[in-house]
Amino acid sequence: MCILRGPRCYPEPMPEPLSAAVAASGRRAVDVRSAHARDAAAWWRLQRGIYDEGSWFVGDGPPSEGALSARIRTLDTTRAAVLLALVDEEIAGWCEATRLAAMRLEHVAVLTVAVAAHLRRRGCGEALLDEAEVWACGLGVRKLSLSVRGANAAAQALYRRCGFEVEGIEREQVRDVGGFEDNLIMAKFLADRA
């Protein structure tokens with residue numbers, strides 16, 4: 001059984017009905033679901049937009065739409081999850097959670113989380129992390145791990161609110177136009193240590 005340690009992403013349950021609470025707060029509801037192959041084009045556009053910002057990812061660009069579609073179609077849901085956050089039926093963000101392959105490390109899942117610039121600070125990241133925890137707990141994963149660039153203070157604050165802690169710093173890990181940037185490794189334990 002998974003016992004969540006530390007705060008969940010939501011400090012308290014939203015009062016019912018959710019739609020009324022969201023309407024009163026001026027925020028739109030966030031739905032989270034697993035990705036389907038038909039989402040590949042929209043998921044690619046989301047990734048392309050985030051890569052175009054030039055500040056968050058370390059890769060050179062997103063995989064092709066075909067590669068994303070194949071990834072979703074062939075996904076072993078006991079090893080990985082691709083979760084999408086939707087706001088008004090628009091794909092607003094995603095979380096990929098992948099359990100490490102080695103038997104001695106399969107209790108760890110590595111996350112990639114990103115949200116479209118125009119939909120940040122609306123609960124998408126929190127909702128994605130919350131669903132990733134549910135997926136991980138269902139498989140006996142004990143630890144979630146992720147990397148975040150040193151200059152991404154907003155993402156670091158989100159992860160801290162959700163119970164992640166810095167485990168390490170890779171100094172000058174990322175080379176960018178302006179020089180070098182640190183990479184932070186953050187993690188959250190989901191089960192009490194036995």
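Throughout, read-outs are computed from the coordinates displayed, never taken from laboratory work. Keep in mind that what you see is a predicted model, and the values were worked out from it rather than measured. Here the Cβ positions follow ideal geometry from the backbone for every residue, glycine too, while neighbour counts run over all protein chains shown.
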Task: For segment 136-147, 3J(HN,Hα) per residue [Karplus equation, 6.51 cos²θ - 1.76 cosθ + 1.60, θ = phi - 60°, Hz, x = Gly/Pro] - done: 5, 4, x, 10, x, 5, 9, 9, 9, 9, 7, 10
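What's the local net charge at residue 61, with K and R +1, D and E -1, over the other residues with C-beta under 11 Å away?
Once positives and negatives cancel, what remains is -1.
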Task: segment 18-189: C-alpha gyration tensor shape, a/c 1.5 cut-off, then a/b vs b/c - done: rounded
Task: Estimated FRET transfer efficiency (residue 170, residue 41; beta-carbon r; R0 25 Å; 0.05) - done: 0.15
TODO: Report the calculated FRET efficiency for residue 74 and residue 154 (r = Cβ-Cβ distance, R0 = 35 Å), to the nearest 0.05.
DONE: 0.60
Task: Charge sum, other residues only, whose C-beta stays under 15 Å from residue 180's C-beta, Lys/Arg counted +1 and Asp/Glu -1 - done: -2
Task: Residues whose placed amide H lies under 5 Å from that of residue 93, excluding near-sequence neighbours - done: 85, 116
- [ ] Using only Cα atoms, locate the centre of segment 97-165 and the centre of segment 31-74, then give the distance between them in Å, rounded to an integer.
- [x] 17
